[in-house]
Amino acid sequence: MNQKLLDKYLNHEASEAEINQLRKDPETSALWLISDRAKALKTVGFTADKNWAVILAHHQNSQRTRSGEPVSQKQHPFGQVFHLPKVSRPMWQLAAVALVLLGAYFFLNQQTHQLMTPNGTHQQWTLPDGSGISLNAGSKAGYNESSWSSHRVVELQGEAFFDVIKGSTFEVQTANGVVTVLGTEFNVLTRDDDFYVSCFEGLVKVQTTDTTLQLPAGYGVRIFGGMFNYIAQENMGTKPLWMIGESHFSTEPLALVLDEVTRQYDVTFTFDSGANNLAQSAQFSGSFPHDDLELTLKSICQPFGLVFDLEGDQIRLTLNNDPKDP
Amino acid sequence: MDQNVCEESVFSRIYQKWGQALFNFIRYKTKDIDQANDLVQEAFITLWDHCADVTPEKAKSYLYTVANRKFLNQVAHLKVVQKHQNNSTLLYDAQSPEYLMQEKEFNTKLQSAIESLPEGQKTAFLMNRIDQMTYAEIAEALDISVKAVEKRMHLALKTLRAEIEELKNR
């Protein structure tokens, strides 16, 4: 067999005549065919821009932390605020340290980025290292951009899904506890005394005032009203349901469900006394969609005999045939 | 050519030239798309951190070496979560002339036969066919001899031909 000619072709060096020879020779024709057809294959999934953003961010951060070297003005975290004077090097280093100490104190609040979603909105942001944060409605998150490369910390109120790039420790601080990871995907819900962390990928560490535990992928932990639940979630998928158009509840107080309806649709509820009592005591299992308010109200009210009256963004709930109703 | 890899313009050109190929290289070994993108990021970050020690000509083999080393470390020490377990690594480019001239059945058989090749042969074969690299370029990237590349190519083709023949005769 004409191996040399085949190698020449594979090395992209064969002429047309030589290629024809390979095609026609019964010994090499099959090999040529396979090689030729294989050229039509490709891979998918390369996120060129996202990768570049991460690489660039990393490089710029490491430039900043290099000691002694004056950083070019456009890379300086404090930008156009002040211009550092030219002095001899040791003086420069001393001055730089002093300024950073003062600056850190003075600029700390201004450097904290605040993210917020009002009722009725979901939004996604990319953090400085390329990690992703998706906020559910009625939530707030804050982080410090200039210290991000060494200290990845997000303060969260509400609910968010995180898609964290591998790197230094990533922390989510909440009033209910702290969630720590190295690089993974997880959801954190922290509202009043409801703390619910689900791990979608990787490993997540959850710390509260009296508990520390680790969650592998496919598991969640919920601490609600003092009750502790370790949940193995089958068919968790890759994203929490709230990110794909649904809110889901499993034996939860009706009042909580109605709060979530308020956040997703940006509506307000009023109650008569019967409905109010019911909301505080009844438990709901099921889900509601994010794009159909009528269906949502029907599926929540019907099981309990509640009647709803929808006017614009105001909903009045009354309990059907309640003899106690004033 | 006296260019400095540390300079952003030079570095970004290296990324544009080799980013996709490096991604492909990892993808020939794993179905995990995120892992492949992560490793591309890590390899380029490492290159930039050591840019003073690497010339533009040496950048490509540096990147492949770093990416390969990090990949092997991950496989050895961590439990890699395979999210996309049912995805195959490869797809046909429906626009390419080779695809358009074909029988779909042959293509599908070829695709799965390639996916089943032993890793060394598969990587070399796909770097040659998809990334359009010559034997010399593959040898440099994988840090093996040109003869070794030849051998892997020949074995790959032999196996593929046998697989396709067998399927044809069923």
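Pairs under 6 Å by beta carbon, first residue facing another protein chain (nearest Cβ under 7 Å) in region A:35-55, partner part of a loop (DSSP other than H, G, I, E, B), six or more apart or different chains?
The qualifying pairs are A:A40/B:D93; A:A40/B:S96; A:L41/B:I130; A:K42/B:D93; A:V54/A:G130.
Tell me whether region A:24-36 contains one or more residues that are crowded, with 18+ Cβ neighbours inside 10 Å and touching a strand residue (DSSP E or B) at 6+ places or on another chain (Cβ under 8 Å).
Looking for residues that are crowded, with 18+ Cβ neighbours inside 10 Å and touching a strand residue (DSSP E or B) at 6+ places or on another chain (Cβ under 8 Å), one finds none in region A:24-36, hence no.
What number of residues in region B:13-45 are β-branched (V, I, T), more than 10 Å from chain A (Cβ to nearest Cβ) and either in a helix (DSSP H, G or I) or closer than 25 Å to B:Q3 by Cβ (or both)?
1
Go through region B:146-169 and report how many residues are part of a loop (DSSP other than H, G, I, E, B) and touching a helix residue (DSSP H, G or I) at 6+ places or on another chain (Cβ under 6 Å).
Number satisfying all stated conditions: 0.
Could you please find all residues in region A:153-176 being within 12 Å of the chain's Cα centre (by Cα), among the acidic types (D, E) and either surrounded by fewer than 20 Cβ atoms within 10 Å (Cβ to Cβ) or within 14 Å of chain B (Cβ to nearest Cβ) (or both)?
Residue satisfying the conditions is A:D163 alone.
Kindly evaluate A:F186 against the criterion of being closer than 20 Å to A:H122 by Cβ and not polar (S, T, N, Q).
yes
Within region A:177-189, can you find the residues that are surrounded by 23 or more Cβ atoms within 10 Å (Cβ to Cβ) and either polar (S, T, N, Q) or part of a loop (DSSP other than H, G, I, E, B) (or both)?
Scanning region A:177-189 gives a single hit, A:N187.
Condition test on A:F249, is it in a strand (DSSP E or B) and within 25 Å of A:T121 (Cβ to Cβ)?
Here the answer is yes, as A:F249 does meet what is asked.
Within region A:199-224, count every residue that is surrounded by fewer than 14 Cβ atoms within 10 Å (Cβ to Cβ) and not in a strand (DSSP E or B).
Total meeting the criteria: 3.
Coordinate-derived values only; no laboratory data. Not measured: the values here are computed from a predicted model. Using ideal geometry, Cβ is built from the backbone for each residue, glycine included, and neighbour counts are taken over all protein chains shown.
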